[in-house]
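Scroll down for the structure; my scribbles are underneath it.
Just so you know, all these numbers are worked out from the coordinates, no wet-lab data involved. All figures in this text were calculated on a predicted structure; none of them were measured in a lab. FYI the Cβ positions are ideal-geometry reconstructions off the backbone, even for glycines, and counts take in every protein chain you see.
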Amino acid sequence: MISLKQIDTPVGKMRIGATDEGICIFDFQYRRSIDSIMKRIETIAGDSFGEGEHPHFEKLELQIGEYFAGTRKEFDLPLHLLGTPFQKSVWLGLLQIPYGETRSYKQQSIFLGNEKAIRAMAGANGENGIAIIIPCHRVIGENGSLTGYGGGLQRKKWLLDHERKFSGKTGQGELF
């Protein structure tokens, strides 16, 4: 069974899911594509979600609380990435975007080694079911605009503003 529970955060209710290998979902409760993401996870894991506690939840809740308090900039959690090899490569690439910084979709596709894969990379970003921890919110339009975030653009802006506030970074090339 994949353990599942809900928690409240400053950006709304979120679902946490974990297998023994790690956190496999941390996403917005009312995200439009949450059901399809969960179905993909169940299919790949070969198991179904069930309400219940898991040892990984305590660590996640502690670290996400520290993130929202502005004292945690990197997560140290076991993650169980359940997606295609391409999706996993995109998600691992997102983990390389430092706290308090952003990359454009084009910059991220170049970072991943294929400038022409912008649309595919953006699609994989949208399939990320581990919000905040795998920071797809740090990917923005080439002109600095906020585009494409499954949790909604208002949450993306909130997360970027939050990180800007606590990053201590100023100047170009960081947050829009």
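Top mean-square fluctuation among Ile110, Ile25, Ile37, Gaussian network model of the chain, C-alpha springs under 10 Å? In this elastic network of the chain, the residue with the biggest mean-square fluctuation among Ile110, Ile25, Ile37 is Ile110. List, in the order given, every pair from Lys13/Lys156; Lys5/Lys157; Lys106/Lys156 whose Cα-Cα distance in the structure shown is over 24 Å. Distance filter (> 24 Å) returns Lys5/Lys157.
Under 17 Å from a label point set 7 Å out along the Cα-to-Cβ vector of Glu115, the amide N atoms of region 74-104 belong to 104. Proximity of backbone amide H atoms, modeled 1.01 Å from N, is registered between Thr9 and Met14 at under 5 Å, excluding neighbours fewer than 5 places apart on the same chain. For the chain, set up a Gaussian network in which alpha carbons nearer than 10 Å are linked by springs, and say which option among Arg32, Arg138, Arg15 fluctuates the most. In the Gaussian network model the winner is Arg32. Note on Asp161 and Lys13: the model spin-label points, each 7 Å out from Cα along the C-beta direction, lie 2.4 nm apart.
Between Ile130 and Phe26, the built amide H atoms are under 5 Å apart, and every one of these is 5 or more places off in sequence or on another chain. Residues whose amide H falls under 5 Å from that of Leu79, counting only those 5 or more places apart or on a different chain, are Ile23, with hydrogens built in the peptide plane.
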